[in-house]
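The values are calculated or read from the model by the stated rules, or taken from the named source; none is laboratory data. Quantities reported herein were computed from a predicted structural model and do not represent experimental measurements. Because the Cβ atoms are built from the backbone with ideal geometry, glycine has one as well, and the counts that use them run over all protein chains shown.
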Amino acid sequence: MTAPASSDVIIVGGGIMGSSAAFFLRRRGLSVTLLESDLIGRQASGTNFGNVRRQGRPLYQLALANRAIAIWREAEALLDCDVEYRQFGHMRVCYRTRPELAATMEQYAADARQSDLDLEMLSGNMLRTRFPFLGEEVLAASYSPLCGHANPRLVSPAFARAAQRLGAMVHERCAVTETAKMGDDFVVAAADGRQFRAPVLLITAGAWGDRFAAAFGEPLPLTSRAPNMCVTEPLPYALRPSVGVVTPDTEESVYIRQVERGNLVMGGSFYNPSYPDRYRVDVRPENSLSLWRQIQRLIPAVGRVSVIRTWSGIEGYLPDSAPVMGPSMTTSGLYYAFGFAGAGFQLGPGVGDTMAELIATGRTDIDLAPYRADRFSAG
Amino acid sequence: MADPVVAIIGAGPAGVRAAAALVAAGVRPVVIDEAMRAGGQIYRRQPDGFTRSYTDLYGSEADRAKAVHDCFDALHGHVDYRPQTLAWNISDRRIFTAGPDGQQVLPFDALLLCTGATDRLMPVSGWHWAGCYSLGGAQIALKAQACAIGRRTVFMGSGPLLYLVAAQYAKAGAEVAAVLDTSSMSASVAALPRLLAQPATLRVGVGLLRDLRRAGVPIHRGITPVEIHGDADRGVSGVTVRTSRGDALTIDCDAAAMGHHLRPETQLAELAGCDFAFDAMVRQWLPVRDADGRSSQPGVYLAGDGARILGAVAAEAAGELAALTILADRGYRVSDTARQDARQAVARARRFAEGLARAYPWPHEQTSALGDATILCRCEAITVGDLRRTIAETGAEEANRAKAFSRIGMGRCQGRYCGLAAAELIAGAVGTPVEAVGRLRAAAPVKPIAIGSAGRCDR
């Protein structure tokens, strides 16, 4: 048997968190081994809607989101790959049936200004003139011009390839079966018998993250959800911002954007059943139908457009919809960044950068208190 | 006990014969079909008001076509027939359909998929110009609409449809500029013993060849396609191939029909959860089924060219056999003789199909010779060079990975027309067997479906 491959850091999970962390760790000069059970960015990171959205996040999260968006703006040069980040704006709207949400959005806009997020409140003629495609039910909108969208299929693999060019070891189809701390090092075993060793272990395994944390005595109430996604045939390019509905009702919570190629990508309404153990989601046709009904409330004209594909992916959720991010509370050298509750795509590059900073320097300006791994423990 | 809900998707020869066998046993099946009238693609009926005779429409197959049509017409009132209806997804033993009555959900006890086939296409430089059709498309234009795809048409590719459609065009009075066959005469000779498994079908093929020669149509075998000439304003203007002797041959034309035999439409089988296996003879992934038509999913059955290309004659037998299997599996008493006869007909067709695969091999090696500028995925305008570059830059060696990075197979057809060639191209570029490349995963809807078909929210 060969000796375990050694590096400064082992990352388990090759989604956007893991691959961007690998990239930024290499930029800080640490040696990195990235292990992915399937293919880089194939799960939630590659199947999500592609929103690069800051508004609507808890205010305490905006510092992290701002750190991320600075990276998004540089991504093409940084990664030597056009990941199709287009800063064409992001808009949230509320319906006339829920007028109280307009006031909530207004308050949020006032609060977010202190976190360098400028939002423009639109309603009435102003809203109709600028966005004439919106349905009659739309009452008001909160528009963020300096957000946008990107291609999720390309981003994580681009980070992983860039990390590889900087010397990171990236192993796909390498399912981790065992992790243990032996002395100062973590020893990680893969299903195919390979072993890896490093003094630092970072778990970025999304909806599968809890099983690794549990092995170190940190059980987490992580559940999985699978959003409902679809894409239409291409149309002339017209819809520049990404648009989503603000509502407490899952059924009517839908979102839409247009890629430059012309296709409308949309998602939301009811979640699909997911089976993380089998890497499988059932895209329920009734959920597709619900999405198609709801999206016509937002933009009635899409009723005449045809859907060509539906899909889903598996996302990890904790009860407060905030991730676990930061050091383990039980084991030194162990770090977590998972459970981003379907809202991790925009944050991804910022999370990778923050985790690299934390691991390399032992500190970060980002307040990690809301993301502590022990926040669900009794007492 | 309530009668079981038995659903048949597809009203071609397999679906029609299956429906008849079920009705004969006292079951009232649901028959879901995309077309306006039953018959499938091969026995597609002309629209109301068209008056061509069966012989004009179906030639040597006129009697069979009439028998299938008459069989289905006689079932009127005994089947729950849903024409112009797309089965767009299958989930949790329910069929989701979109048709004249909007969206409907049909829970089933047994489902027979008779989803038929479409052309297997090999890209060639210029195949995106207007006037370039698949052989099947060219045939449908003639059969359903009494139209030719051009004034002067070149037929190029291989397989039985190549000669059939060319002969039908010649007979209808359209000018057939040439038949350009990628397969060689020696391959046909080597395949003869297997082709003799269905002597009548073989005789039909020989007859087509004779008709084409009598009509003075030039036939070239063993050719290699080089380019379809054309431009955006006028469409196709000619075809250049390399002959078996290595000379360049250019033929002027204003339309080209091409194809290399057929490929099964398997997306619904995949959405229904059926297992698939790679078949080395046809170099395709096919749904696994037993000799009686059972898939790997309990209650889901497969018949006809939608499961494996065995032709229309075999589809009738396989449809009946699958229906009898459904009945037997549900405790009905069925005739062993009828099942045995149907099994033998399917087995003969299978031997014949092996002969066809040898006589008209899929020229997969041509993908390596395609120039970088050739469009591979016509829906998304992805070139051969785009895919080669993606593979080189990203290391994508698997079909779905290459799709995710390059958009190949991401358009309206969802890879149904470019997926097989793309897989061959990846295999050639990476140096792996094509089965290691895998296949594009099927995702609903199986064909584009309007968002408005879901209806609107009442508020």
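If we scan the stretch B:289-298, do we find a residue that is part of a loop (DSSP other than H, G, I, E, B), touching a strand residue (DSSP E or B) at 6+ places or on another chain (Cβ under 9 Å) and of a type in the set (D, E, K, R)?
yes
Just to be sure, is residue B:416 more than 10 Å from chain A (Cβ to nearest Cβ) and not in a helix (DSSP H, G or I)?
yes
Checking the structure you have, find out if any residue of the stretch A:27-34 is buried (at least 24 other Cβ atoms within 10 Å of the Cβ) and in contact with an Asp or Glu (Cβ under 8 Å, 6 or more places away or on another chain).
yes
If a residue must be of a type in the set (A, V, I, L, M, F, W, C) and touching a helix residue (DSSP H, G or I) at 6+ places or on another chain (Cβ under 7 Å), how many such residues does the stretch A:193-228 contain?
Of the residues in the stretch A:193-228, 8 are of a type in the set (A, V, I, L, M, F, W, C) and touching a helix residue (DSSP H, G or I) at 6+ places or on another chain (Cβ under 7 Å).
Go through the stretch A:135-177 and give me each residue that's among the polar types (S, T, N, Q) and buried (at least 22 other Cβ atoms within 10 Å of the Cβ). Don't jump to the end; show me each part of the working.
Step one: of the stretch A:135-177, the residues among the polar types (S, T, N, Q) are A:142, A:144, A:151, A:156, A:164, A:177.
Within the stretch A:135-177, A:142, A:144, A:156 qualify.
Quick one: in the stretch A:275-288, of everything that is buried (at least 22 other Cβ atoms within 10 Å of the Cβ) and more than 8 Å from chain B (Cβ to nearest Cβ), which residue is farthest from residue A:222 (Cα to Cα)?
Out of the qualifying residues, it is A:287.
Does any residue of the stretch A:212-227 turn out to be within 14 Å of another protein chain (Cβ to nearest Cβ) and either touching a Pro at 6+ places or on another chain (Cβ under 7 Å) or among the hydrophobic types (A, V, I, L, M, F, W, C) (or both)?
yes
Filter the stretch A:341-379 for residues that are more than 21 Å from residue A:31 (Cβ to Cβ) and in contact with a strand residue (DSSP E or B) (Cβ under 7 Å, 6 or more places away or on another chain); which is surrounded by the most Cβ atoms within 10 Å (Cβ to Cβ)?
So, considering only residues that are more than 21 Å from residue A:31 (Cβ to Cβ) and in contact with a strand residue (DSSP E or B) (Cβ under 7 Å, 6 or more places away or on another chain), the one surrounded by the most Cβ atoms within 10 Å (Cβ to Cβ) is A:346.
Take the residues in the stretch A:153-188 that are within 14 Å of residue A:79 (Cα to Cα) and not small (Gly, Ala, Ser), then tell me which one is farthest from the other protein chains (Cβ to nearest Cβ).
A:166
A quick yes/no check of all residues on (1) under 25 Å from residue A:65 (Cβ atoms); (2) in contact (Cβ under 8 Å) with a residue 24 or more places away in the chain; (3) not aliphatic (A, V, I, L, M):
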| residue | (1), (2), (3) |
| --- | --- |
| A:89 | yes, yes, yes |
| A:92 | yes, yes, yes |
| A:97 | no, yes, yes |
| A:107 | yes, no, yes |
| A:110 | yes, no, no |
| A:117 | yes, yes, no |
| A:140 | yes, yes, no |
| A:145 | yes, yes, yes |
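Select the strands (runs of 3 or more DSSP E) contained entirely in the stretch B:115-213, then report the ones holding at least 1 residues which are in contact with a Pro (Cβ under 8 Å, 6 or more places away or on another chain) and more than 30 Å from residue B:88 (Cα to Cα).
Working: elements: B:117-119, B:132-134, B:152-158, B:175-181.
Result: B:152-158, B:175-181.
Just checking, does the stretch A:54-61 include any residue being in contact (Cβ under 8 Å) with a residue 24 or more places away in the chain, within 14 Å of the chain's Cα centre (by Cα) and within 14 Å of chain B (Cβ to nearest Cβ)?
Taking every residue of the stretch A:54-61 in turn, none turns out to be in contact (Cβ under 8 Å) with a residue 24 or more places away in the chain, within 14 Å of the chain's Cα centre (by Cα) and within 14 Å of chain B (Cβ to nearest Cβ).
Going by what's in this entry, would residue B:455 be described as farther than 24 Å from residue B:115 by Cα and either touching a strand residue (DSSP E or B) at 6+ places or on another chain (Cβ under 8 Å) or among the acidic types (Asp, Glu) (or both)?
yes
Looking at (1) more than 19 Å from the chain's Cα centre (by Cα); (2) in the same structural domain as residue B:237 (by TED's automatic domain parsing), which one does residue B:92 not meet, given that it meets all the others?
Among (1) more than 19 Å from the chain's Cα centre (by Cα); (2) in the same structural domain as residue B:237 (by TED's automatic domain parsing), the lone unmet condition for residue B:92 is (2).
Mind listing just one residue for me: the one in the stretch B:201-221 that is surrounded by fewer than 14 Cβ atoms within 10 Å (Cβ to Cβ) and under 23 Å from the mean Cα position of the chain (by Cα) and, of those, farthest from residue B:166 (Cα to Cα)?
In this case the residue turns out to be B:203.
Only helices (runs of 4 or more DSSP H) wholly contained in the stretch B:1-103 count here; list those with 3 or more residues that are surrounded by fewer than 20 Cβ atoms within 10 Å (Cβ to Cβ).
B:54-58, B:62-73
State which residue is farthest from the chain's Cα centre (by Cα) when the search covers only the stretch A:323-340 and only residues that are closer than 26 Å to residue A:31 by Cβ and small (Gly, Ala, Ser).
A:332
Quick one: would you say residue B:422 is out of contact with any Asp or Glu (no Cβ under 7 Å at 6 or more places or on another chain), surrounded by fewer than 20 Cβ atoms within 10 Å (Cβ to Cβ) and either assigned by TED's automatic domain parsing to the domain that holds residue B:113 or of a type in the set (A, V, I, L, M) (or both)? Before you say what the answer is, go through the steps one by one.
Numbers: out of contact with any Asp or Glu (no Cβ under 7 Å at 6 or more places or on another chain): yes; surrounded by fewer than 20 Cβ atoms within 10 Å (Cβ to Cβ): no; either assigned by TED's automatic domain parsing to the domain that holds residue B:113 or of a type in the set (A, V, I, L, M) (or both): yes.
Spelling it out, it is not the case that residue B:422 is out of contact with any Asp or Glu (no Cβ under 7 Å at 6 or more places or on another chain), surrounded by fewer than 20 Cβ atoms within 10 Å (Cβ to Cβ) and either assigned by TED's automatic domain parsing to the domain that holds residue B:113 or of a type in the set (A, V, I, L, M) (or both).
Which residues, counting only those in the stretch B:80-116, are small (Gly, Ala, Ser) and at the interface with chain A (Cβ under 9 Å from one of its Cβ atoms)?
Result: B:91, single match.
Taking residue A:313 as the residue in question, decide whether it is more than 10 Å from chain B (Cβ to nearest Cβ) and crowded, with 17+ Cβ neighbours inside 10 Å.
yes
So, in the stretch A:233-261, of the ones that are part of a strand (DSSP E or B) and free of Cβ contacts under 8 Å to residues at least 40 places away in the same chain, which residue ends up nearest to the other protein chains (Cβ to nearest Cβ)?
By that ranking, first place goes to A:234.
Take the residues in the stretch A:234-274 that are farther than 18 Å from residue A:152 by Cα and among the small types (Gly, Ala, Ser); name whichever of them is surrounded by the fewest Cβ atoms within 10 Å (Cβ to Cβ).
Residue satisfying both the conditions and the ranking: A:238.
Looking only at the stretch B:121-146, count every residue that is out of contact with any Gly (no Cβ under 8 Å at 6 or more places or on another chain) and hydroxyl-bearing (Ser, Thr, Tyr) and tell me the total.
1
Residue A:320 - would you say it is more than 9 Å from chain B (Cβ to nearest Cβ), within 21 Å of the chain's Cα centre (by Cα) and in a helix (DSSP H, G or I)?
Working: more than 9 Å from chain B (Cβ to nearest Cβ): yes; within 21 Å of the chain's Cα centre (by Cα): yes; in a helix (DSSP H, G or I): no.
Against the criterion (more than 9 Å from chain B (Cβ to nearest Cβ), within 21 Å of the chain's Cα centre (by Cα) and in a helix (DSSP H, G or I)), residue A:320 does not qualify.
Which of the residues spanning the stretch A:289-306 are in a helix (DSSP H, G or I) and either surrounded by fewer than 21 Cβ atoms within 10 Å (Cβ to Cβ) or facing another protein chain (nearest Cβ under 7 Å) (or both)? Show your work before the answer.
Of all residues in the stretch A:289-306, those in a helix (DSSP H, G or I) come to A:289-298, A:300-304.
If the condition is that a residue be in a helix (DSSP H, G or I) and either surrounded by fewer than 21 Cβ atoms within 10 Å (Cβ to Cβ) or facing another protein chain (nearest Cβ under 7 Å) (or both), then A:289, A:292, A:293, A:294, A:295, A:296, A:297, A:300, A:301, A:302, A:303, A:304 are the ones that fit.
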